[in-house]
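> Before I ask anything, let me first share the structure, which is written out below as structure tokens.
The values are calculated or read from the model by the stated rules, or taken from the named source; none is laboratory data. Bear in mind that the values here come from a model prediction, so they are computed numbers and not experimental data. Note that we place each Cβ from the backbone using ideal geometry, even for glycine, and neighbour counts take in every protein chain shown.
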Amino acid sequence: MEKLRRSMLFVPGGNEKIFSKALGLDADALILDLEDAVALERKEEARDFVEKRLGETDFGHKEKVVRINPLESPFGYPDLCAVVPARPDALVVPKVNSVRDVWLVDGIVTQIERARRMPEGGIKLILLIETVLSVLNAVDIASCTPRVSGLLFGPADLTLETRGSITAERQELNYAMSRIVMAARAAGVDAIDQPHLDVRDAEGNVRAARQARDFGFDGKACIHPSQIAAINQAFTPSKEDIEFSRRVIKAFRQASAEGKGAVQVDGKLVEILHVQMAERVLKIAAMAGVCD
Ligand code: COA
Ligand code: MG
């Protein structure tokens, strides 16, 4: 994890009002969408909008991300030609099935970077895992090029293929969620959960964010401003987490100096793996600016 991706806010490409509003919100990343949030008749207009805004807007600390259309559609290739020279930090690639699909995007982005004399490999890929094949091939596609920096779960499209249905507890999605986290960890990339699609259901958003965190996800996408704070909170260590992590590290150091490999903190066993977990908590807390 090079930068925080706790909350990644989708912003429909071409909507000036929503875009301006998004810039002032507290999301770690903005995903300017050229795919499903844009009607077929407005694809060109949205692409022009995103290209222009990427070039001229100060995004501050927010990661600049664009979701392109699939390369199988007539829009995917023109999206890449317009957006890559405008230097987003990352592209979200939808409808990926196999390593070949990722290499195709990687190859086109590399060619544009070379032609424009841009740093090669600078623009990262976040792969949408939203087809049955992408779930099954997740480990291979996550690790097939260093350009991949994340996997984003897309259960709505996935469920169209599996013919299931999505319930509040998401039990039916456990296999895919777990597989995405495992693949992301094996490849050393981020795992990002889907947005909660019912924007009025604040409780459901909180529950889903905590569930994703407990699975090991690094963050969660969102579609509405009201969802951001709860997601940031779920993926930011609490005061108690930070304080406990510090005590774990301290206690283990003391124990090591006394030649012991294990110690108790608040009655809980602490070994070297717990120290590694505690160090990770403190690293995320420092990145989030909630401890030094
Ligand atoms: N980013 C930034 N601002 C947003 C926003 C977003 N994704 N969604 C809504 N807002 C703004 C609205 O413009 C409005 O601003 P205002 O108070 O200054 O007028 C405010 O938040 C409240 O919005 P609200 O009236 O509750 O919602 P809406 O009817 O305007 O929009 C959606 C609802 C779902 C259409 C909208 O949130 C949206 O388009 N989300 C993204 C959808 C998307 O990208 N989908 C693809 C990925 S799944
Ligand atoms: Mg989709």
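> Please go through region 220-264 and pick out each residue that is touching a strand residue (DSSP E or B) at 6+ places or on another chain (Cβ under 6 Å) and in a strand (DSSP E or B).
Across region 220-264, the qualifying residues are Lys220, Ala221, Cys222, Val263.
> Of Arg100, Arg116, which residue is away from ligand 1 (no atom under 16 Å from the Cβ) and in contact (Cβ under 8 Å) with a residue 12 or more places away in the chain?
That would be Arg116, the only listed residue that is away from ligand 1 (no atom under 16 Å from the Cβ) and in contact (Cβ under 8 Å) with a residue 12 or more places away in the chain.
> How many residues does region 17-31 hold that are under 19 Å from Pro94 (Cβ atoms) and within 9 Å of ligand 1 (Cβ to nearest atom)?
2
> Among the listed residues Ala221, Ala234, Ala191, which satisfies the condition of being within 16 Å of ligand 2 (Cβ to nearest atom) and modelled with pLDDT of 95 or more?
Residue meeting the stated conditions: Ala221.
> Restricting to region 44-74, name every residue that is surrounded by fewer than 22 Cβ atoms within 10 Å (Cβ to Cβ), under 25 Å from Ala27 (Cβ atoms), out of contact with any strand residue (DSSP E or B) (no Cβ under 9 Å at 6 or more places or on another chain) and of a type outside the set (Asp, Glu).
Residues satisfying the conditions are Lys52, Gly55, Gly60, His61.
> Out of Ala90, Ala115, I need the residue that is crowded, with 17+ Cβ neighbours inside 10 Å, away from ligand 2 (no atom under 16 Å from the Cβ), under 24 Å from Arg47 (Cβ atoms) and not acidic (Asp, Glu). Which one?
On inspection, the qualifying residue turns out to be Ala90.
> Of the residues Ala46, Ala37, Ala29, only one is modelled with pLDDT of 95 or more and over 22 Å from the mean Cα position of the chain (by Cα); which?
Sole residue among the options that is modelled with pLDDT of 95 or more and over 22 Å from the mean Cα position of the chain (by Cα): Ala46.
> Consider only pairs whose beta carbons are under 6 Å apart and that are at least six residues apart or on different chains; among these, list those whose first residue lies in region 16-32 and is more than 16 Å from ligand 2 (Cβ to nearest atom) and whose second residue is in a strand (DSSP E or B) and among the acidic types (Asp, Glu).
From region 16-32, the pairs are Ala29/Glu63.
> When both residues are 6+ apart or on different chains and their Cβ atoms are under 7 Å apart, which pairs have a first residue that lies in region 274-290 and is in a helix (DSSP H, G or I), and a second that is among the small types (Gly, Ala, Ser)?
Ala278/Ser245; Val281/Ser245; Leu282/Ser245
> Within region 167-219, can you find the residues that are within 13 Å of Phe153 (Cα to Cα), touching a Ser or Thr at 6+ places or on another chain (Cβ under 7 Å) and part of a helix (DSSP H, G or I)?
The one that is within 13 Å of Phe153 (Cα to Cα), touching a Ser or Thr at 6+ places or on another chain (Cβ under 7 Å) and part of a helix (DSSP H, G or I): Phe215.
> Could you list, in sequence order, all residues of region 1-33 that are within 21 Å of Val189 (Cβ to Cβ) and among the basic types (Lys, Arg)?
Lys3, Arg5, Arg6
> Output the residues belonging to region 118-165 that are within 16 Å of Met182 (Cβ to Cβ) and within 14 Å of ligand 2 (Cβ to nearest atom).
Leu127, Ile129, Ser134, Val135, Leu151, Leu152, Phe153
> Restricting to region 183-195, and then to whatever is surrounded by fewer than 24 Cβ atoms within 10 Å (Cβ to Cβ) and not charged (D, E, K, R), can you tell me which residue is nearest to Ile223 (Cα to Cα)?
Filtering first and then ranking leaves Val189.
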